[in-house]
Amino acid sequence: MMDPGRTMDPFIELDGVEKVFDVRRKTGFLKRERHRVRAVDSISFSVARGEMVGYIGPNGAGKSTTIKMLTGILTPSGGRLRVAGIDPSRERTRLAHRIGVVFGQRTTLWWDLPLIDSYRLVHRMYRIPAARYRENLDRMVELLDLGELLDVPVRQLSLGQRMRGDIAAALLHDPEVLYLDEPTIGLDVISKTRVREFLRGLNAERATTVLLTTHDLQDIEQLCSRVMVIDHGRLVYDGALAGLHEAGESERILVVDLERELPPIAAPSPARVVRVEGPRQWLAFPASASAAGLVARIAAEYPLVDLSVREPDIEAVIAKMYAERRAGRPVA
Ligand SMILES: Nc1ncnc2c1ncn2[C@@H]1O[C@H](COP(=O)(O)OP(=O)(O)O)[C@@H](O)[C@H]1O
Ligand SMILES: [Mg+2]
């Protein structure tokens with residue numbers, strides 16, 4: 001059964017969306033050359049209400065440009081884009097009441113003012129009813145542990161504290177969708193964990209639609225069941241995280257410790273030994289396959305002392321996917 005508030009009609013819809021920047025590059029003394037950067041190149045996808053989707057890709061892929069078009073900061077050069085049925089660049093103010101956005105690289109908080117003053121300004125700017133503002137603020141303070149920070153000027157906050165402050169500011173007006181552009185960039189492990197837990201709760205309890213742009217693949221692994229991969233302005237993958245492994249034909253590694261140094265284990269294909277170090281051997285096998293059969297076989301034929309399985313590194317999977325794409329092979 002679907003959660004209440006979750007419907008299948010698309011909340012965010014992009015159809016062949018493009019963004020081209022005209023840039024002038026200095027090519028010599030007094031000489032400038034015009035050239036065009038296709039930051040987003042005919043992207044189509046839709047996100048249903050209540051979904052939490054990861055939007056990943058290398059630097060310069062077009063992630064931030066997409067987010068800026070979704071908020072109405074930038075106008076697409078082509079294609080059709082709708083958020084909650086609204087064309088963002090045409091009705092940016094009307095849309096602003098329904099969306100929240102956090103840019104990890106810059107704050108929307110007032111640098112010199114205590115954190116609480118930024119929230120009071122948000123309160124007035126969005127004309128949030130007093131009771132609801134109170135209620136939301138209390139909830140944010142509790143969930144994001146902001147109590148001690150409210151009277152501290154933003155410039156004195158650590159990066160992790162500031163990020164929590166920014167997330168709260170983006171949510172005080174109860175937006176239906178939250179865009180996060182690199183929210184965990186530069187954060188320590190504890191802050192990252194806290195931010196992730198908060199986002200998971202927000203999505204589960206309030207069915208807030210979340211579009212999460214990140215470099216940190218652990219963000220995606222821990223939060224998103226669906227991931228979109230963008231490269232050079234093009235969507236190269238849209239699907240389950242598990243499927244990404246298959247698209248990249250990733251492998252898991254079985255690490256076995258034998259009683260003594262032995263020749264490489266004769267493993268059933270496609271599993272194979274990729275490294276031997278004394279009594280320890282590493283076997284690669286397809287990530288989509290179960291390790292059980294392989295383990296049983298080795299245990300029956302070799303003096304096994306210990307073993308562990310290493311999950312594939314998504315970063316490597318994506319790198320491989322990009323490489324294959326450039327070589328002209330389809331991936332998804
Ligand atoms: N305002 C701009 N003017 C010119 N080029 C831009 C502008 N904004 C982004 N770009 C270019 O568009 C491409 C995509 O940038 P961006 O969306 O910021 O990527 P990402 O967020 O994935 O790192 C890059 O080549 C970037 O240099
Ligand atoms: Mg970016």
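A short reminder: the numbers here are calculations on the coordinates, not readings from a lab. A quick note: this is a predicted structure, and the numbers were derived from the prediction, not measured. All Cβ positions, glycine included, derive from the backbone under ideal geometry; neighbour counts span all protein chains shown.
Taking K and R as +1 and D and E as -1, what net charge do the other residues with C-beta under 11 Å from the C-beta of residue 149 add up to?
Working: positive: 162, 164; negative: 145, 148, 151.
Net local charge, residue 149 excluded: -1.
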**Complete:** Per the charge dipole of the chain (beta-carbon charges, Lys/Arg positive, Asp/Glu negative, Cα centre), the residue among 53, 264, 88 reaching farthest to the positive end is 88
**Message:** I want to make sure I understand the PRE zone here: with the label point 7 angstrom from the Cα of residue 20 toward its beta carbon, which residues in segment 200-240 have backbone N atoms less than 17 Å away?
**Reply:** 233-234
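Given a Förster distance of 45 Å, report the FRET efficiency between residue 242 and residue 29 from their Cβ-Cβ distance, rounded to the nearest 0.05. The partial results should precede the final answer.
On the way: r = 55 Å, r/R0 = 1.22.
The formula returns an efficiency of 0.25 here.
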**Fill in**
Calculated from DSSP helices alone, with each H run of at least 4 adding -39500 (n - 2.57) and the total divided by the residues of the chain, [θ]222 nm to the nearest 500 comes to -9500 deg cm²/dmol
**Prompt:** Per the Cauchy relation, a quarter of the hull surface: what is the mean projected area of the convex hull of the alpha carbons in segment 10-245, in nm²?
**Reply:** 14.4
**Message:** Counting only Cα atoms, I'd like the Rg/Rh figure for segment 110-196, Kirkwood definition for Rh.
**Reply:** 0.94
**Item:** Placed amide H near residue 178: partners under 5 Å, 5+ positions off or other chain
**Value:** 100, 209, 210, 211
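Can you give the FRET efficiency to the nearest 0.05 for residue 309 and residue 80, using r as the Cβ-Cβ distance and R₀ = 45 Å?
Values: r = 45 Å, r/R0 = 1.01.
So the FRET efficiency works out to roughly 0.50.
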**Message:** What does the extension gain come out to for residue 131 and residue 218, with contour length at 0.36 nm per residue minus their alpha carbon separation?
**Reply:** 27.6 nm
**Prompt:** In debye to the nearest 20, how big a dipole does the chain give about its Cα centre with +1 on each Lys and Arg Cβ and -1 on each Asp and Glu Cβ?
**Reply:** 1680
**Request:** Multiply the residue separation of residue 117 and residue 174 by 0.36 nm, subtract the distance between their alpha-carbon atoms, and state the gained length in nm to one decimal.
**Result:** 18.7 nm
**Request:** Determine ³J(HN,Hα), in whole Hz, for all residues of segment 61-74 in sequence, where each value follows from phi through the Karplus function 6.51 cos²θ - 1.76 cosθ + 1.60 and θ = phi - 60°; x replaces Gly and Pro.
**Result:** 6, x, 5, 5, 4, 4, 4, 5, 6, 5, 8, x, 5, 10
**Sorted largest first, extent of segment 125-283 alpha carbons per principal axis (Å)** = 73, 35, 29
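Under a Cβ-only charge scheme (Lys and Arg +1, Asp and Glu -1), can you give me the dipole magnitude of segment 3-99 about the Cα centre, in debye to the nearest 20?
Working: 19 positive and 11 negative charges, 153 e Å.
My answer is approximately 740 debye.
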**Message:** With loop defined by DSSP as not H, G, I, E or B, and exposure as at most 14 other Cβ atoms within 10 Å, which is the longest segment of the chain clear of exposed trypsin sites (Lys or Arg not before Pro)?
**Reply:** 128-259
**Asked** If we count every other residue with Cβ under 12 angstrom of residue 261's Cβ, Lys/Arg +1 and Asp/Glu -1, where does the sum land?
**Response** -1
**Request:** Would you mind pulling out the separation of the Cα centroids of segment 194-225 and segment 265-283, in Å?
**Result:** 37
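Quote the FRET efficiency, to the nearest 0.05, computed for residue 152 versus residue 105 with a Förster distance R0 of 30 Å and r equal to the Cβ-Cβ distance. Spell out each step's value before the answer.
Details: r = 21 Å, r/R0 = 0.71.
Rounded to the nearest 0.05, the efficiency is 0.90.
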**Prompt:** Label-point separation (nm) for residue 204 and residue 38, each offset 7 Å from Cα along Cα-to-Cβ?
**Reply:** 4.3
**Prompt:** Using the Karplus equation 6.51 cos²θ - 1.76 cosθ + 1.60 (θ = phi - 60°), what ³J(HN,Hα) coupling, rounded to whole Hz, does each residue of segment 38-44 give in order, writing x for Gly and Pro?
**Reply:** 8, 6, 10, 10, 6, 9, 10
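Identify the GluC sites (Glu not before Pro) of segment 217-291 meeting these criteria: DSSP loop state and at most 15 other C-beta atoms within 10 Å of the C-beta.
Working: sites: 221, 246, 249, 251, 259, 261, 277; in loops: 249, 259, 261.
In loop regions of segment 217-291 (DSSP not H, G, I, E or B), the sparsely surrounded GluC sites (Glu not before Pro) are 249, 259, 261.
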**Asked** What is the dipole size for segment 251-311, taken about its Cα centre, with +1 at each Lys and Arg Cβ and -1 at each Asp and Glu Cβ, in debye to the nearest 20?
**Response** 160
**Asked** Considering the dipole of the chain built from charges on the beta carbon (Lys and Arg +1, Asp and Glu -1) around the Cα centre, which of 10, 147, 27 is farthest to its positive end?
**Response** 27
